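Colleague: I am attaching a structure below and will ask some questions about it afterwards.
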Amino acid sequence: MNQIQSLTPTTDADRRNAKPWTVDEVAALFELPFNDLMFRAQQVHREHFDANAVQLSTLLSIKTGGCEEDCKYCPQSAHFDTGLKAEKLLPLEEVLEAARAAKSSGATRFCMGAAWRSPKERHLEVIGEMVRSVKAMGLETCLTAGMLGEGQAEQLAEAGLDYYNHNLDTSPEFYGQIITTRTYQDRLDTLDRVRNVGLKVCSGGIVGMGETRRQRAGLLVQLANLQPYPESVPINNLVQVEGTPLAGTAALDPFEFVRTIAVARIVMPRAMVRLSAGREEMPESLQAMCFLAGANSMFYGDKLLTTNNPQAEADRQLLARLGMRCDTEAGLSQKTEAKINLRAQAPAASDAKAGADNCQHCH
């Protein structure tokens, strides 16, 4: 019987591909018959992860609107009239209240998003206190706050931040049609600064913006060829907002989104592949197919305000119906190792009962 390996890579070496992927190679994966692609993605996923485990993150916008960037997908850009009012940085206690609610609802990572081109020094001091206070609750912390300058990644690391999110968004070839106020190299430079101070990297992209399949392949090549590739890879499906230039873009075929998840799993076998923006608009059957394709993380209760958030409850019910369990990445890794020992010591019939007895749904 195949053994499931540890869920979480322990070193950067675990996330270095033996040779760089080419766009032609990744485009060829997209062209596989759907069932063949799903089968290959499942093989890779089960080699490195518990296929019935998922990590949950909750996202809070700690500073909304008024961003200087002109990202054509984003309602928070000051360049577009979307009716979104610019707000100041949330006070500490409001952030902590949301973090407590997130933990009560089952999230294990608390992600804070700030709509800035790049944070100022006074912002980092406040955010550092947010990070320390959220970590004191036993939650992992993640921040997305734009480009980081010299010394800023070090400040966040000193505050105890776990992950920094900075998406590449799309392929280099398509990038100029989406954003003009920040270069692709700017994004890569920020990821380098994050990695160089020992922070974990969360970086992915958005599909459904009018890009071609080959350009989707180009995005995944950029991510997979980072040395090492990111610990977390969020895959976003464009949420169209009136007032942004991408409103009215032809919707991406749902099977193409699943293909993107599957290819991401194949080219970044040890990454956490996350269902991110757009999940709320997906039917449950499509979400289940994404888990089958190798997604093992998701944003959960994105509009979380109270512990009895109905969206979070619906997510818990979906995971329960699928027989999936949730935990931190480290916790899942430990339980996976225990499962390996059980399989090595018990006959197949006993394995099935042991797995059922130890299955935990989110609570």
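Colleague: When the residues of region 71-122 are filtered to those that are among the charged types (D, E, K, R) and under 15 Å from L60 (Cα atoms), which remaining residue is most open to solvent (accessible area, probe 1.4 Å)?
Modeller: Checked region 71-122; the qualifying residue most open to solvent (accessible area, probe 1.4 Å) is K88.
Colleague: Still on this structure, please answer the following. In region 123-222, which helices (runs of 4 or more DSSP H) lie fully inside it and hold 3 or more residues that are open to solvent by 50 Å² or more (accessible area, probe 1.4 Å) and more than 22 Å from A295 (Cβ to Cβ)?
Modeller: Output list reads 152-159, 184-196.
Colleague: Just checking, which of A264, A295 is modelled with pLDDT of 95 or more, under 22 Å from L37 (Cα atoms) and part of a loop (DSSP other than H, G, I, E, B)?
Modeller: Among A264, A295, only A295 is modelled with pLDDT of 95 or more, under 22 Å from L37 (Cα atoms) and part of a loop (DSSP other than H, G, I, E, B).
Colleague: Here's a follow-up. If I ask for residues that are assigned to a loop (DSSP other than H, G, I, E, B) and exposed (fewer than 14 other Cβ atoms within 10 Å of the Cβ), which ones from region 18-42 would you list?
Modeller: Within region 18-42, A18, K19, P20, T22, E31, P33 meet the criteria.
Colleague: Further, regarding this structure: I'm trying to understand the selection: among the residues of region 79-122, which are without any contact (Cβ under 8 Å) to a residue 40 or more places away in the chain, of a type in the set (A, V, I, L, M, F, W, C) and part of a loop (DSSP other than H, G, I, E, B)?
Modeller: Scanning region 79-122 gives L84, A86, L89, L90.
Colleague: Another question, then. Can you tell me which residues in region 43-70 are small (G, A, S), open to solvent by 10 Å² or more (accessible area, probe 1.4 Å) and at pLDDT 85 or above?
Modeller: The answer is A51, S61.
Colleague: Another one. Take the conditions in a helix (DSSP H, G or I), hydrophobic (A, V, I, L, M, F, W, C), modelled with pLDDT under 60 and open to solvent by 20 Å² or more (accessible area, probe 1.4 Å) and apply them to L342. Does it pass?
Modeller: So L342 passes the test.
Colleague: Another question, if that's okay. Output the residues belonging to region 144-177 that are touching a Leu at 6+ places or on another chain (Cβ under 6 Å) and at positive phi.
Modeller: Correct list: empty.
Colleague: Restricting to region 78-101, name every residue that is touching a Leu at 6+ places or on another chain (Cβ under 9 Å) and modelled with pLDDT under 85.
Modeller: Answer for region 78-101, where residues must be touching a Leu at 6+ places or on another chain (Cβ under 9 Å) and modelled with pLDDT under 85: there is none.
The values are calculated or read from the model by the stated rules, or taken from the named source; none is laboratory data. In this text the structure is predicted, and so the values were computed from the model without any measurement. Here Cβ is always computed from backbone atoms with ideal geometry, including for glycine, and neighbour counts include all displayed protein chains. All accessible areas refer to the heavy atoms of the entire protein, side chains included, with ligands and DNA or RNA removed. Shrake-Rupley method; radii C 1.70, N 1.55, O 1.52, S 1.80 Å.
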